[in-house]
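Reviewing the structure listed below.
The values are calculated or read from the model by the stated rules, or taken from the named source; none is laboratory data. Nothing here was measured: the structure is a model prediction, and the numbers come from that model. Cβ coordinates were reconstructed from backbone atoms using ideal geometry, including for glycine residues, and neighbour counts include every protein chain displayed. Keep in mind that these areas ignore ligands, DNA and RNA; they rest on the heavy atoms of the full protein, side chains included. Shrake-Rupley method; radii C 1.70, N 1.55, O 1.52, S 1.80 Å.
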Amino acid sequence: MAAVKRPPLPVILVANDLLEGDVVYAVAGGWTRDPRQALVASDEGAAQALEAFGATELRQSRVVDPYLVDVQVGDGGLPLPRHYREVLRMLGPSVRRDLGKQADFNY
């Protein structure tokens, strides 16, 4: 059996909330819409634990499409995605950056 291809560490777990559709990030004991609070896995064991949590949440129909995203840890431990697609998902719609959830995040 082939090894699971995983993004390079460190990583965070990202999904979509099943009811609201919002992008959510794994935190201790649940999910948040605030990417600044996302749990960062810096080693293989922590990454596997995040994946297991995502699989459980998917089976319980709380989230859709949980997956790991590689990040770089910025000032104050802030996880910043390395890929533009994930940065765009994190910031939300780019039409009006002064409105909605994207107004709360200054990246």
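Within region 31-66, the residues that satisfy the criterion of being among the basic types (Lys, Arg) and in contact (Cβ under 8 Å) with a residue 24 or more places away in the chain are 33, 36, 62. Every condition in (1) farther than 19 Å from residue 5 by Cα; (2) modelled with pLDDT of 95 or more holds for residue 90 except the one numbered (2).
Within region 6-20, residues that are over 19 Å from residue 58 (Cα atoms) have Cβ atoms under 9 Å from residues that are open to solvent by 40 Å² or more (accessible area, probe 1.4 Å) and not in a loop (DSSP other than H, G, I, E, B) in these pairs: 7/67; 9/44; 10/72; 10/73, counting only partners at least 6 apart in sequence or on another chain. Looking at region 1-52, which of its residues are within 18 Å of residue 73 (Cβ to Cβ), touching a Pro at 6+ places or on another chain (Cβ under 9 Å) and polar (S, T, N, Q)? Residue satisfying the conditions is 42 alone. A Cβ distance below 7 Å, combined with a sequence gap of six or more or placement on separate chains, defines the contacts here; from region 67-86, residues that are at pLDDT 85 or above reach residues that are part of a loop (DSSP other than H, G, I, E, B) and basic (Lys, Arg) in the pairs 68/6; 70/82; 71/82; 72/82.
It is to be established whether one or more residues within region 53-65 are open to solvent by 20 Å² or more (accessible area, probe 1.4 Å), under 21 Å from residue 104 (Cβ atoms) and in contact with a strand residue (DSSP E or B) (Cβ under 7 Å, 6 or more places away or on another chain). Among the residues of region 53-65, not one is open to solvent by 20 Å² or more (accessible area, probe 1.4 Å), under 21 Å from residue 104 (Cβ atoms) and in contact with a strand residue (DSSP E or B) (Cβ under 7 Å, 6 or more places away or on another chain), which makes the answer no. Tell me yes or no: at least one residue of region 33-43 is in contact with a strand residue (DSSP E or B) (Cβ under 7 Å, 6 or more places away or on another chain), exposed (fewer than 11 other Cβ atoms within 10 Å of the Cβ) and not basic (Lys, Arg). So far as region 33-43 goes, no, none of its residues is in contact with a strand residue (DSSP E or B) (Cβ under 7 Å, 6 or more places away or on another chain), exposed (fewer than 11 other Cβ atoms within 10 Å of the Cβ) and not basic (Lys, Arg).
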